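Notes for the one structure printed next.
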Amino acid sequence: MGTPWLSGEWLPLTSFTEEKFGQAEKTELDAHFENLLARADSTKNWTEKILRQTEVLLQPNPSARVEEFLYEKLDRKVPSRVTNGELLAQYMAEAASELGPTTPYGKTLIKVAEAEKRLGAAERDFIHTASINFLTPLRNFLEGDWKTISKERRLLQNRRLDLDACKARLKKAKAAEAKATLLVGLRAGYGVGRGGLSGSWGRTRALGFSSPPTTPPLTGAPSLPCCAVLLRSLKLWNDEVDKAEQELRVAQTEFDRQAEVTRLLLEGISSTHVNHLRCLHEFVESQTTYYAQCYRHMLDLQKQLGSSQGAIFPGTFVGTTEPASPPLSSSSPTTAAATMPVGPSVAGLAPPGEAALRLEEVSPPASGTRKARVLYDYEAADSSELALLADELITVYSLPGMDPDWLIGERGNKKGKVPVTYLELLS
(Lines give C-alpha, C1' and ligand atoms only; values in the text may rest on other atoms or scores of the structure.)
Protein backbone atom coordinates (compact mmCIF):
# COMPACT_ATOMS: atom_id res chain seq x y z
CA MET A 1 0.00 0.00 0.00
CA GLY A 2 1.62 3.26 -1.10
CA THR A 3 1.83 6.29 1.17
CA PRO A 4 2.80 9.23 -1.09
CA TRP A 5 2.42 11.80 1.65
CA LEU A 6 5.06 9.95 3.67
CA SER A 7 7.56 9.73 0.78
CA GLY A 8 11.14 9.86 2.07
CA GLU A 9 12.14 12.16 -0.78
CA TRP A 10 9.79 14.93 0.34
CA LEU A 11 9.95 14.64 4.11
CA PRO A 12 13.31 16.46 4.65
CA LEU A 13 12.10 19.42 2.60
CA THR A 14 8.74 19.34 4.36
CA SER A 15 10.47 19.13 7.74
CA PHE A 16 12.73 22.09 6.93
CA THR A 17 9.75 24.20 5.83
CA GLU A 18 7.73 23.29 8.89
CA GLU A 19 10.68 24.11 11.16
CA LYS A 20 10.95 27.56 9.61
CA PHE A 21 7.28 28.17 10.36
CA GLY A 22 7.53 26.69 13.84
CA GLN A 23 5.25 23.77 13.00
CA ALA A 24 7.70 20.92 13.46
CA GLU A 25 10.16 19.79 16.10
CA LYS A 26 13.83 20.50 15.36
CA THR A 27 16.68 18.37 16.68
CA GLU A 28 18.77 20.78 18.76
CA LEU A 29 22.55 20.66 19.13
CA ASP A 30 24.13 20.89 22.58
CA ALA A 31 25.35 24.26 23.90
CA HIS A 32 29.05 23.39 23.49
CA PHE A 33 28.49 22.51 19.84
CA GLU A 34 26.65 25.78 19.26
CA ASN A 35 29.54 27.69 20.85
CA LEU A 36 31.99 25.92 18.54
CA LEU A 37 29.87 26.92 15.54
CA ALA A 38 29.72 30.56 16.64
CA ARG A 39 33.48 30.62 17.27
CA ALA A 40 34.20 29.17 13.84
CA ASP A 41 31.94 31.73 12.15
CA SER A 42 33.66 34.60 14.00
CA THR A 43 37.08 33.26 13.03
CA LYS A 44 36.08 33.08 9.39
CA ASN A 45 34.53 36.57 9.32
CA TRP A 46 37.46 38.32 11.03
CA THR A 47 40.02 36.41 8.98
CA GLU A 48 38.35 37.70 5.82
CA LYS A 49 38.38 41.30 7.10
CA ILE A 50 42.01 41.15 8.24
CA LEU A 51 43.05 39.57 4.95
CA ARG A 52 41.31 42.22 2.84
CA GLN A 53 42.70 45.13 4.87
CA THR A 54 46.23 43.71 4.86
CA GLU A 55 46.00 43.43 1.07
CA VAL A 56 45.00 47.11 0.96
CA LEU A 57 47.96 47.99 3.20
CA LEU A 58 50.44 46.14 1.00
CA GLN A 59 48.87 47.20 -2.30
CA PRO A 60 46.69 50.35 -2.08
CA ASN A 61 45.95 50.30 -5.83
CA PRO A 62 42.60 48.46 -6.35
CA SER A 63 43.28 47.64 -10.01
CA ALA A 64 46.66 46.15 -9.10
CA ARG A 65 44.99 43.98 -6.45
CA VAL A 66 42.43 42.75 -8.98
CA GLU A 67 45.21 41.93 -11.42
CA GLU A 68 47.12 39.97 -8.77
CA PHE A 69 43.93 38.10 -7.84
CA LEU A 70 43.35 37.07 -11.45
CA TYR A 71 46.92 35.86 -11.83
CA GLU A 72 46.57 33.76 -8.67
CA LYS A 73 43.30 32.23 -9.86
CA LEU A 74 44.88 31.40 -13.22
CA ASP A 75 47.84 29.87 -11.34
CA ARG A 76 50.28 32.16 -13.11
CA LYS A 77 53.20 34.12 -11.71
CA VAL A 78 52.39 37.73 -10.87
CA PRO A 79 54.60 40.03 -12.98
CA SER A 80 57.10 42.19 -11.15
CA ARG A 81 55.74 45.68 -10.53
CA VAL A 82 57.79 48.85 -9.92
CA THR A 83 57.10 50.32 -6.48
CA ASN A 84 56.22 53.98 -6.03
CA GLY A 85 59.60 54.67 -4.42
CA GLU A 86 61.48 53.11 -7.32
CA LEU A 87 59.40 55.10 -9.82
CA LEU A 88 60.12 58.32 -7.95
CA ALA A 89 63.82 57.45 -7.93
CA GLN A 90 63.71 56.96 -11.69
CA TYR A 91 62.09 60.37 -12.25
CA MET A 92 64.60 62.10 -9.97
CA ALA A 93 67.56 60.49 -11.71
CA GLU A 94 66.23 61.53 -15.13
CA ALA A 95 65.63 65.07 -13.85
CA ALA A 96 69.19 65.29 -12.50
CA SER A 97 70.57 64.06 -15.82
CA GLU A 98 68.65 66.73 -17.73
CA LEU A 99 69.10 69.63 -15.30
CA GLY A 100 72.77 68.99 -14.73
CA PRO A 101 74.22 66.26 -12.53
CA THR A 102 77.11 68.50 -11.46
CA THR A 103 74.93 71.29 -10.09
CA PRO A 104 74.03 71.33 -6.37
CA TYR A 105 70.40 70.60 -7.22
CA GLY A 106 71.35 67.79 -9.59
CA LYS A 107 73.70 66.21 -7.07
CA THR A 108 70.99 66.30 -4.42
CA LEU A 109 68.47 64.79 -6.80
CA ILE A 110 70.85 61.91 -7.46
CA LYS A 111 71.40 61.29 -3.75
CA VAL A 112 67.69 61.35 -2.98
CA ALA A 113 66.99 59.11 -5.99
CA GLU A 114 69.42 56.50 -4.67
CA ALA A 115 67.76 56.62 -1.26
CA GLU A 116 64.28 56.31 -2.75
CA LYS A 117 65.45 53.36 -4.81
CA ARG A 118 66.67 51.62 -1.66
CA LEU A 119 63.36 52.42 0.05
CA GLY A 120 61.47 50.93 -2.89
CA ALA A 121 63.56 47.76 -2.75
CA ALA A 122 62.93 47.47 1.00
CA GLU A 123 59.19 47.89 0.37
CA ARG A 124 59.27 45.16 -2.28
CA ASP A 125 60.98 42.77 0.15
CA PHE A 126 58.46 43.61 2.86
CA ILE A 127 55.48 42.98 0.57
CA HIS A 128 56.96 39.67 -0.57
CA THR A 129 57.73 38.51 2.98
CA ALA A 130 54.34 39.59 4.35
CA SER A 131 52.52 37.86 1.52
CA ILE A 132 54.27 34.55 2.16
CA ASN A 133 54.29 34.60 5.96
CA PHE A 134 50.90 36.21 6.63
CA LEU A 135 48.54 36.49 3.67
CA THR A 136 49.14 33.00 2.31
CA PRO A 137 48.27 31.19 5.60
CA LEU A 138 45.08 33.25 5.92
CA ARG A 139 44.06 32.41 2.35
CA ASN A 140 44.88 28.75 2.90
CA PHE A 141 42.54 28.68 5.90
CA LEU A 142 39.67 30.31 4.01
CA GLU A 143 40.14 28.26 0.85
CA GLY A 144 41.06 24.97 2.53
CA ASP A 145 40.11 24.33 6.14
CA TRP A 146 37.05 26.55 6.10
CA LYS A 147 35.67 24.97 2.94
CA THR A 148 36.04 21.55 4.55
CA ILE A 149 34.27 22.75 7.69
CA SER A 150 31.47 24.30 5.61
CA LYS A 151 31.02 21.08 3.63
CA GLU A 152 30.76 18.97 6.78
CA ARG A 153 28.35 21.47 8.33
CA ARG A 154 26.07 21.27 5.31
CA LEU A 155 26.23 17.49 5.50
CA LEU A 156 25.34 17.66 9.20
CA GLN A 157 22.38 19.90 8.37
CA ASN A 158 21.15 17.33 5.84
CA ARG A 159 21.56 14.54 8.38
CA ARG A 160 19.58 16.53 10.90
CA LEU A 161 16.78 17.13 8.40
CA ASP A 162 16.75 13.41 7.60
CA LEU A 163 16.52 12.64 11.30
CA ASP A 164 13.69 15.11 11.81
CA ALA A 165 11.88 13.69 8.76
CA CYS A 166 12.16 10.16 10.17
CA LYS A 167 10.77 11.38 13.48
CA ALA A 168 7.86 13.01 11.69
CA ARG A 169 7.26 9.89 9.61
CA LEU A 170 7.20 7.67 12.67
CA LYS A 171 4.88 10.07 14.46
CA LYS A 172 2.40 10.08 11.56
CA ALA A 173 2.62 6.30 11.12
CA LYS A 174 1.85 5.74 14.80
CA ALA A 175 -1.11 8.13 14.59
CA ALA A 176 -2.50 6.25 11.55
CA GLU A 177 -1.93 2.91 13.28
CA ALA A 178 -3.83 4.07 16.35
CA LYS A 179 -6.69 5.24 14.16
CA ALA A 180 -6.81 1.90 12.30
CA THR A 181 -6.73 0.03 15.62
CA LEU A 182 -9.67 2.05 16.87
CA LEU A 183 -11.69 1.38 13.70
CA VAL A 184 -11.06 -2.36 13.92
CA GLY A 185 -12.06 -2.30 17.57
CA LEU A 186 -15.26 -0.47 16.75
CA ARG A 187 -16.06 -2.90 13.88
CA ALA A 188 -15.44 -6.06 15.84
CA GLY A 189 -16.68 -4.71 19.15
CA TYR A 190 -13.52 -5.73 20.93
CA GLY A 191 -10.15 -4.10 21.70
CA VAL A 192 -7.49 -4.67 19.15
CA GLY A 193 -3.80 -4.16 19.73
CA ARG A 194 -0.67 -4.10 17.60
CA GLY A 195 -0.40 -7.89 17.71
CA GLY A 196 -3.74 -8.26 15.89
CA LEU A 197 -7.25 -8.50 17.33
CA SER A 198 -5.98 -9.55 20.74
CA GLY A 199 -8.49 -12.37 20.88
CA SER A 200 -11.45 -10.45 19.41
CA TRP A 201 -11.43 -12.43 16.19
CA GLY A 202 -11.12 -15.66 18.14
CA ARG A 203 -14.06 -14.66 20.25
CA THR A 204 -16.05 -13.84 17.12
CA ARG A 205 -15.34 -17.29 15.64
CA ALA A 206 -16.29 -18.90 18.96
CA LEU A 207 -19.69 -17.28 18.62
CA GLY A 208 -20.21 -19.18 15.34
CA PHE A 209 -19.27 -16.48 12.82
CA SER A 210 -17.36 -17.81 9.82
CA SER A 211 -16.49 -14.21 8.84
CA PRO A 212 -16.36 -10.89 10.64
CA PRO A 213 -19.72 -9.34 11.44
CA THR A 214 -21.09 -7.05 8.74
CA THR A 215 -22.86 -4.70 11.14
CA PRO A 216 -21.46 -2.95 14.17
CA PRO A 217 -22.50 -4.54 17.45
CA LEU A 218 -22.87 -1.16 19.12
CA THR A 219 -26.22 0.52 18.94
CA GLY A 220 -26.07 3.77 17.05
CA ALA A 221 -22.52 3.15 15.72
CA PRO A 222 -21.78 4.47 12.23
CA SER A 223 -21.37 2.16 9.28
CA LEU A 224 -17.79 0.87 9.04
CA PRO A 225 -15.83 -1.08 6.39
CA CYS A 226 -15.72 -4.80 6.75
CA CYS A 227 -13.35 -6.12 9.38
CA ALA A 228 -11.09 -7.89 6.84
CA VAL A 229 -10.29 -4.60 5.13
CA LEU A 230 -9.64 -2.93 8.45
CA LEU A 231 -7.34 -5.76 9.50
CA ARG A 232 -5.31 -5.51 6.31
CA SER A 233 -5.04 -1.76 6.83
CA LEU A 234 -3.95 -2.24 10.42
CA LYS A 235 -1.29 -4.75 9.39
CA LEU A 236 0.05 -2.31 6.79
CA TRP A 237 0.30 0.41 9.39
CA ASN A 238 2.01 -1.97 11.78
CA ASP A 239 4.60 -2.66 9.09
CA GLU A 240 4.88 1.06 8.36
CA VAL A 241 5.62 1.79 12.02
CA ASP A 242 8.28 -0.94 12.13
CA LYS A 243 9.90 0.45 8.98
CA ALA A 244 9.80 4.03 10.30
CA GLU A 245 11.43 2.95 13.56
CA GLN A 246 14.21 1.18 11.67
CA GLU A 247 14.81 4.26 9.47
CA LEU A 248 14.86 6.45 12.58
CA ARG A 249 17.58 4.32 14.15
CA VAL A 250 19.69 4.51 10.97
CA ALA A 251 19.16 8.27 10.68
CA GLN A 252 20.09 8.80 14.33
CA THR A 253 23.30 6.80 13.88
CA GLU A 254 24.30 8.78 10.77
CA PHE A 255 23.48 12.07 12.49
CA ASP A 256 25.59 11.21 15.55
CA ARG A 257 28.51 10.14 13.36
CA GLN A 258 28.40 13.32 11.29
CA ALA A 259 28.03 15.47 14.41
CA GLU A 260 31.23 13.94 15.81
CA VAL A 261 33.15 14.57 12.57
CA THR A 262 31.97 18.18 12.49
CA ARG A 263 32.80 18.65 16.16
CA LEU A 264 36.40 17.52 15.63
CA LEU A 265 36.81 19.98 12.74
CA LEU A 266 35.34 22.83 14.77
CA GLU A 267 37.62 22.09 17.71
CA GLY A 268 40.53 22.36 15.24
CA ILE A 269 39.84 26.11 15.09
CA SER A 270 42.02 26.37 18.22
CA SER A 271 44.97 25.07 16.19
CA THR A 272 44.10 27.59 13.49
CA HIS A 273 44.35 30.40 16.05
CA VAL A 274 47.78 29.16 17.14
CA ASN A 275 48.96 29.10 13.53
CA HIS A 276 47.58 32.57 12.84
CA LEU A 277 49.27 33.86 16.00
CA ARG A 278 52.64 32.62 14.74
CA CYS A 279 51.99 34.21 11.34
CA LEU A 280 51.05 37.47 13.03
CA HIS A 281 54.36 37.53 14.90
CA GLU A 282 56.19 36.97 11.63
CA PHE A 283 54.22 39.78 9.99
CA VAL A 284 55.15 42.19 12.80
CA GLU A 285 58.78 41.09 12.56
CA SER A 286 58.89 41.74 8.81
CA GLN A 287 57.18 45.12 9.29
CA THR A 288 59.68 46.05 12.00
CA THR A 289 62.56 45.10 9.73
CA TYR A 290 61.09 47.15 6.89
CA TYR A 291 60.66 50.32 8.93
CA ALA A 292 64.12 49.90 10.47
CA GLN A 293 65.61 49.68 6.98
CA CYS A 294 63.70 52.79 5.93
CA TYR A 295 64.95 54.64 9.01
CA ARG A 296 68.57 53.70 8.31
CA HIS A 297 68.29 54.73 4.66
CA MET A 298 66.83 58.10 5.62
CA LEU A 299 69.51 58.67 8.25
CA ASP A 300 72.18 58.00 5.64
CA LEU A 301 70.46 60.36 3.22
CA GLN A 302 70.14 63.06 5.87
CA LYS A 303 73.82 62.71 6.66
CA GLN A 304 74.75 63.09 2.98
CA LEU A 305 72.49 66.09 2.57
CA GLY A 306 73.89 67.66 5.72
CA SER A 307 77.44 67.26 4.42
CA SER A 308 76.54 68.76 1.04
CA GLN A 309 74.67 71.61 2.69
CA GLY A 310 77.73 72.38 4.76
CA ALA A 311 79.73 72.67 1.55
CA ILE A 312 77.10 74.86 -0.11
CA PHE A 313 76.48 77.08 2.91
CA PRO A 314 79.78 77.37 4.81
CA GLY A 315 79.58 77.72 8.58
CA THR A 316 76.12 76.12 8.85
CA PHE A 317 74.68 72.69 9.23
CA VAL A 318 71.08 71.68 8.66
CA GLY A 319 68.65 69.63 10.71
CA THR A 320 66.16 70.28 13.49
CA THR A 321 66.48 71.62 17.00
CA GLU A 322 63.35 69.75 18.14
CA PRO A 323 63.80 66.52 20.13
CA ALA A 324 63.73 63.48 17.87
CA SER A 325 64.01 59.73 18.17
CA PRO A 326 67.52 58.52 18.94
CA PRO A 327 69.52 57.29 15.92
CA LEU A 328 70.08 53.59 15.46
CA SER A 329 73.80 53.92 16.12
CA SER A 330 76.37 56.57 16.84
CA SER A 331 78.16 55.73 13.61
CA SER A 332 75.58 57.57 11.47
CA PRO A 333 74.56 60.75 13.31
CA THR A 334 72.65 63.51 11.53
CA THR A 335 73.01 67.26 11.82
CA ALA A 336 70.99 69.75 13.85
CA ALA A 337 69.65 73.13 12.71
CA ALA A 338 71.73 76.02 13.98
CA THR A 339 74.52 78.32 12.98
CA MET A 340 77.57 77.66 15.09
CA PRO A 341 80.52 79.98 15.60
CA VAL A 342 83.58 78.81 13.75
CA GLY A 343 86.99 79.14 15.39
CA PRO A 344 90.52 79.08 14.02
CA SER A 345 91.86 75.98 12.37
CA VAL A 346 93.56 73.42 14.53
CA ALA A 347 96.40 71.50 12.98
CA GLY A 348 95.62 68.32 14.79
CA LEU A 349 91.88 68.38 13.93
CA ALA A 350 90.83 66.61 10.72
CA PRO A 351 87.92 64.54 9.47
CA PRO A 352 87.71 61.02 10.91
CA GLY A 353 90.23 58.64 9.41
CA GLU A 354 92.69 61.37 8.37
CA ALA A 355 94.41 62.25 11.63
CA ALA A 356 93.93 61.76 15.35
CA LEU A 357 92.32 64.56 17.34
CA ARG A 358 94.64 66.10 19.98
CA LEU A 359 92.17 67.45 22.53
CA GLU A 360 94.84 69.29 24.50
CA GLU A 361 95.35 71.59 21.52
CA VAL A 362 91.64 72.35 21.07
CA SER A 363 90.32 75.63 22.47
CA PRO A 364 87.03 77.52 22.04
CA PRO A 365 86.91 79.83 19.02
CA ALA A 366 87.09 83.56 19.42
CA SER A 367 83.60 83.92 17.94
CA GLY A 368 82.12 82.23 21.02
CA THR A 369 80.35 79.05 22.07
CA ARG A 370 76.78 77.83 22.55
CA LYS A 371 74.88 75.85 25.13
CA ALA A 372 73.20 72.57 24.20
CA ARG A 373 70.90 70.18 26.01
CA VAL A 374 71.66 66.47 25.67
CA LEU A 375 68.67 64.52 24.31
CA TYR A 376 69.90 60.95 24.83
CA ASP A 377 72.62 59.09 26.67
CA TYR A 378 75.72 58.57 24.58
CA GLU A 379 78.65 56.29 25.33
CA ALA A 380 82.00 57.52 24.01
CA ALA A 381 83.51 55.20 21.41
CA ASP A 382 87.10 56.30 22.15
CA SER A 383 89.13 58.85 24.11
CA SER A 384 88.46 61.58 21.54
CA GLU A 385 84.70 61.54 22.28
CA LEU A 386 82.78 62.88 25.26
CA ALA A 387 80.24 60.65 27.00
CA LEU A 388 76.82 62.27 27.47
CA LEU A 389 73.91 61.91 29.86
CA ALA A 390 70.35 62.81 28.88
CA ASP A 391 69.10 66.28 29.95
CA GLU A 392 72.49 67.63 30.97
CA LEU A 393 73.74 70.99 29.60
CA ILE A 394 77.12 71.25 27.89
CA THR A 395 79.04 73.87 25.94
CA VAL A 396 79.58 73.18 22.25
CA TYR A 397 81.38 74.79 19.33
CA SER A 398 82.61 73.90 15.87
CA LEU A 399 86.05 74.12 14.28
CA PRO A 400 87.05 74.45 10.64
CA GLY A 401 87.63 71.13 8.94
CA MET A 402 85.38 69.21 11.33
CA ASP A 403 82.83 66.74 10.11
CA PRO A 404 79.55 68.73 10.19
CA ASP A 405 77.89 65.81 12.00
CA TRP A 406 80.11 66.40 15.06
CA LEU A 407 80.84 69.23 17.49
CA ILE A 408 83.34 69.79 20.26
CA GLY A 409 81.63 69.50 23.63
CA GLU A 410 82.89 70.67 27.00
CA ARG A 411 81.65 69.80 30.48
CA GLY A 412 83.79 71.18 33.26
CA ASN A 413 87.39 70.23 32.53
CA LYS A 414 86.40 67.44 30.12
CA LYS A 415 86.08 67.89 26.40
CA GLY A 416 85.60 65.72 23.33
CA LYS A 417 83.64 65.17 20.14
CA VAL A 418 79.87 64.79 20.44
CA PRO A 419 77.31 63.81 17.75
CA VAL A 420 74.98 66.63 16.73
CA THR A 421 71.91 64.35 16.64
CA TYR A 422 72.12 63.83 20.40
CA LEU A 423 71.89 67.57 21.09
CA GLU A 424 69.29 70.31 21.17
CA LEU A 425 71.09 73.59 20.53
CA LEU A 426 69.81 76.41 22.69
CA SER A 427 69.54 79.98 21.47
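The values are calculated or read from the model by the stated rules, or taken from the named source; none is laboratory data. For clarity, every value in this text was computed on a predicted model and none was experimentally measured. Reconstructed Cβ throughout: ideal geometry from the backbone, glycine too, with neighbour counts over all protein chains shown. The protein model used for the area step is the full one, side chains on, heavy atoms only, and it has no ligands, DNA or RNA in it. Shrake-Rupley method; radii C 1.70, N 1.55, O 1.52, S 1.80 Å.
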What FRET efficiency would be calculated for the residue pair LEU70, THR148, taking the C-beta separation as r and a Förster radius of 22 Å, to the nearest 0.05? 0.30
Give the residues of segment 146-189 whose amide nitrogen is closer than 13 Å to a point set 7 Å from the Cα of ALA31 in the direction of its Cβ. none
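Using a probe radius of 1.4 Å on heavy atoms only, what accessible surface per residue do you get for segment 370-426? Whole Å² is fine. Before the final figure, lay out each step's value.
Values: 2350 Å² over 57 residues.
About 41 Å² of surface per residue is accessible.
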As straight-line cross-link partners of LYS167, the qualifying lysines (C-alpha separation under 19 Å, not fewer than 8 residues apart within one chain) are LYS20, LYS26, LYS179, LYS243
ASN140 label point, 7 Å along Cα→Cβ, cut-off 15 Å on backbone N: hits in segment 250-282? 271-282
Order of 399-408, 370-379 by packing, highest average Cβ count within 10 Å first? 399-408, 370-379
Report in % the part of the accessible area of segment 98-183 that belongs to carbon and sulfur, leaving out ligands and nucleic acids; probe 1.4 Å. 58
Name the residue from LEU375, TYR422, GLY412 whose Cα lies farthest towards the positive end of the charge dipole of segment 370-426, charges +1 on Cβ of Lys and Arg and -1 on Cβ of Asp and Glu. GLY412
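Where a ≥ b ≥ c are the square roots of the eigenvalues of the C-alpha gyration tensor, would you call segment 370-426 rounded, which needs a/c under 1.5, or, failing that, prolate if a/b is larger than b/c, or oblate?
On the way: a/c = 1.36, a/b = 1.15, b/c = 1.19.
Rounded shape, in that the Cα axes give a/c under 1.5.
How high is the relative contact order of segment 370-426, given as a whole-number percent (alpha carbon pairs under 8 Å, six or more residues apart)?
Numbers: 117 pairs, mean separation 22.9, N = 57.
Relative contact order for segment 370-426 comes out at 40 percent.
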Please go through the residue pairs LYS303/LYS417; LYS77/LYS117; LYS111/LYS417 and name each one whose alpha carbons sit more than 22 Å apart in this structure. LYS77/LYS117; LYS111/LYS417
Quick one: with all protein chains in place, what share of the accessible area of segment 370-426 is carbon or sulfur, to the nearest percent (1.4 Å probe)? 49
